[in-house]
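Heads up: the structure comes next, in structure tokens.
Every number in this text was worked out from the coordinates using simple rules, so none of it is lab data. Note that the coordinates shown come from a computational prediction; the quantities given were computed from them, not determined experimentally. Cβ: placed from backbone, ideal geometry, glycine included. Neighbour counts: every protein chain shown.
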Amino acid sequence: MLEIQGVSLTMDEGQTVEILRNINLRLAEKKIYVITGPNGGGKSSLAKVIMGVYPPSAGKIFLDGQDITTKTITERALLGLGYAFQNPPRFKGLKVKELIKLAASTNPDKLNIGDLLHDVGLCAQDYLDRDADASLSGGEMKRIEIATVLARKLRVAVFDEPEAGIDLWSFQRLAETFKFIHEKYETTILIISHQERILDLADEIILIANGEISEQSDKDKILNKILKDEDCCSSQCEKGVIQDAEFAG
Amino acid sequence: MLSSLDKQMLERVADLHEIPQGAYNIRKNGVGVQRNTTANIDIMTKKDKPGIDVIVKPYTKGESVHIPVIVTEENITDLVYNTFEIGAYSDVLVVAGCGIHNCGDQKSQHDGIHTFFVRKGAKLKYVEKHYGEGDGRGARVLNPKTIIEAEEGAVVELEMVQIKGIDNTLRDTEVRLGDKAKLVVTERLLTYLGQEAQSKITVELNGVDSSAQIISRSVAQDESRQDFYFDLIGRNRSRGHIQCDAIIMHAARVLSTPRVSAYHSEAQLIHEAAIGRIESEQLVKLMSLGLSEKEAEETILKGFLA
């Protein structure tokens, strides 16, 4: 299905920064994977490398055996890769329904946009004709972003922290929706998340810290470890360690 | 008789496929060619200068006036003065627009000076569309001037659209609002190649509880140049808000000069202006849905100017 071979990513921000180091990952068909790990560990960067937003500085990516390393974002999208942004962009003048129609335009199935919005916890009649712009709250925009990915018939769907801004009430429904598209389209799902309930959906959990995969295994094995908080902090820190700290107030 | 080219131009500037319903006056290459009046709306040719007087009777509801101008010849400079009397408590739509089809090498120019008297409690929606086409090198020039006097409780909605086609335009809009009068201006502008567009909007909030909202969105492409001047003047307890947004591309230039002037302690005036390129995140998002970069760009611009 999706295979990542020795992918590294460096960025030039005044000095060369290594974001990802020799990532090897094999995502099997019809499975749900959750990537977790500390902030700044490289999770979102990996998602962007998969979608083609960042070209890797080394390594290769294969989708269904085809080398897609040099393919553009559009080409990857048409091959069945989808990506829900952590911070989705907004569009002045573009209505919610127009955005979702664009998303669904390559899906051969006829979709009910109202039901789709319902699945992400939005009341369709209140949102279809609204602009997908700054008038929407962060949580609303986030749900619409998820809907644009759910609207597609995908081989692999990547969701970057889908729980951010989603209240607990809608959370359960969202989790069910992930399962539903997973079963309906046999989509392999990769979710970046810190939420225990999302981790619970996973067949496998992948732990990324300091730009590397530090662990990948079955949910049950890894969950225990994560809950003990080992490996989840990029550097060990204790309260009171800094002696000459600045004082506020 | 209107030719198929005339009809095409009419469709562009007035959304008209055939001869309009209601009152209309079609002006072509400097002369009036067709006119219709209704029981409530009269149109008369001015005696002292070129142009028409449009009189809407008080309490006229749901009627429209179309006054398209088409210029299909080169080397024409058409100057016209139109005056509109929108009677008290009426509710009408006025659609003006100018289409220039210039296949020649000489300049075609149309300057329209429109003055509106919107009487007490009346509602006016004024739509002005400008469109130019033709393969010739002759310049297409449009200089519309719009003056609106809105009396107590009048509601004026102004929609000004100019997408490509016009090489040089100087748009001047002056609005004076009386007590409780309300104004909403929507301006959409797209320039490309070496086009130049200047838009000047001055709104005077003279009456108590008058309000104005101006939403201007523009896209400047290639080597084109846009200049915006906004002046919102609060002379009474009033509220005014200008939102000016421009997308700049290629080697274009956009200058936006805002001014808010308060002459009353209860005048609340806000000006927001932003100029920027298309955000790369927006392009990435649409490309990740399967659109090409060009399609993504077109979708973003189309939405922005909708």
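When the C-alpha to C-alpha distance is required to be over 31 Å, the pairs from B:K49/B:K125; B:K125/B:K294; B:K164/B:K285 that qualify are B:K125/B:K294. Taken one residue at a time, the phi angles of segment A:83-91 give Karplus couplings (6.51, -1.76, 1.60, θ = phi - 60°) of 9, 9, 5, 5, 10, x, x, 10, 10 Hz. Gly and Pro are set to x.
Gain on full extension, evaluated as 0.36 nm per residue between A:K221 and A:D167 minus their Cα-Cα distance, stands at 16.6 nm. Of the chymotrypsin sites (Phe, Trp or Tyr not before Pro) in segment B:215-306, which ones lie in a loop per DSSP and count no more than 12 other C-beta atoms within 10 Å? In loop regions of segment B:215-306 (DSSP not H, G, I, E or B), the sparsely surrounded chymotrypsin sites (Phe, Trp or Tyr not before Pro) are B:Y263.
Here the alpha carbons of segment A:57-113 define both size measures, Rg and Dmax, at 14.5, 42 Å. Residues in segment A:74-103 near a label at A:M11, defined as backbone nitrogen under 14 Å from the 7 Å Cα→Cβ point? Answer for segment A:74-103: A:86-87. Computed on segment B:57-176, the Cα convex hull volume stands at 80 Å³ per residue. A crude spin-label estimate for the pair A:L78 and A:N107, with each label 7 Å from Cα along the Cβ direction, gives 2.1 nm. May I ask you to derive the relative contact order of segment A:162-225, considering only C-alpha pairs under 8 Å and at least 6 residues apart, and to give it as an integer percent? It comes to 22 percent, rounded to a whole number. Sequentially through segment B:146-152, phi angles give Karplus couplings (6.51, -1.76, 1.60; θ = phi - 60°) of 10, 10, 10, 10, 10, 7, 3 Hz, Gly and Pro residues having no value and appearing as x. The overall shape of segment B:4-280, judged from the alpha-carbon gyration tensor, is oblate: a/c is not under 1.5, and a/b is no greater than b/c. Under 5 Å from the amide H of B:Y59 lie the amide H atoms of B:A88, B:Y89, B:S90, each residue being 5 or more positions distant or on a separate chain, with H modelled from the backbone and absent for Pro and chain starts.
Of the trypsin sites (Lys or Arg not before Pro) found in segment B:237-306, those that fall in a DSSP loop while having at most 14 other beta-carbon atoms within 10 Å are B:R277. Legend: helices of chain B (whole DSSP H runs) are marked when their alpha-carbon atoms reach 20 angstrom or more along the helix axis and their mean Kyte-Doolittle hydropathy is at least 1.0; nothing is marked. With R₀ fixed at 51 Å, the C-beta to C-beta distance from B:S265 to B:Q21 puts the FRET efficiency at about 0.60.
Enclosing the Cα atoms of segment A:2-227 in their convex hull gives a volume equal to 125 cubic angstrom per residue.
Within segment B:171-205, what residues put their amide N at less than 19 Å from the label point 7 Å along the Cα-to-Cβ vector of B:T257? Answer for this model: B:171-175, B:196-204. Neighbour counting of Cβ atoms within 10 Å sorts the residues A:D119, A:D167, A:D64, fewest neighbours leading, into A:D167, A:D64, A:D119.
Taken over the protein assembly as shown, the convex hull of the Cα atoms encloses 205 Å³ per residue. Distance between the pseudo-spin-label points of B:I278 and B:L193 (7 Å out from Cα toward the beta carbon): 2.1 nm.
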